[in-house]
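Read through the structure below, which is laid out as structure tokens, and then see the notes.
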Amino acid sequence: MRKTMKLILILIMSLFIFLLTGCGGTTEKSGTISNVTKSNVLNSAWEAYYANGFDAARVTFANALEDEESYDSITLAQINNGMGWAMAKTDGFKYAKPYFEKAQKLVPDSKVGLAAAHLSSMDIENIKAGITLLESLNINNAHYEYMFKYNTGMTNAQVHSLMGCLYWCNGDVGKAASQFNVVGDIINKPGQEMSYQTVNAILSSFSSNY
């Protein structure tokens, strides 16, 4: 049983290697984006992000944060959120965490990023904090479809997998199983790409041992 549980944990964590080590996307654009103004900084940076220009997006968000007093609290939180996701793409969630922390009170998407950063630490107190964050977004409801304001590249299936990983690491096997069973259904929908092999292995392990 111990060997099987260890295997399940490895399989679950493999879903989130990209969260623990950085998302590993390619960067087609670098440097700064031209013609950025205070009014279009969010759109300009996110357009670069969508084109895999993660470095350009990060620089644009960083430049805006150097003049943070020029923005209202909500816009500033959105800039910090964008900076967090851009940093997650280029450097990993460990380095994105401070930006998510600054944004999470006003930007729900930052709670997802911060929960991923907590998972990456593998610290039990951070795991519990991650669970609290996602539960505040109703992700504990396995059938709830989470929608990001900006397309971070993370799918609804991956958000629920994150919830499942956090539950599993906290010893909540039943809650983790509920999340992963729904992931198995979500994965068949267009735009919810994830490894069939990994999800099926997890579901098979749960169904045969619990």
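Bear in mind these aren't lab numbers, they're just calculated from the coordinates by the rules spelled out. This is a predicted model, so every value here is computed, not measured. Cβ placement follows ideal geometry from the backbone for every residue including glycine, while neighbour counts extend to all protein chains displayed.
A few remarks follow.
- Principal axis dimensions, segment 31-158 - Cα atoms, whole angstrom, descending: 42, 26, 25
- Packing-based exposure ordering (other Cβ within 10 Å, fewest first) of Ser161, Ser136, Ser73: Ser73, Ser136, Ser161
- Cβ-based exposure ranking for Lys94, Lys105, in which fewest neighbours within 10 Å come first: Lys105, Lys94
- Computed over the alpha-carbon atoms, segment 119-172 gives an Rg to Rh ratio of 0.96, Rh here being the Kirkwood radius from the mean inverse distance.
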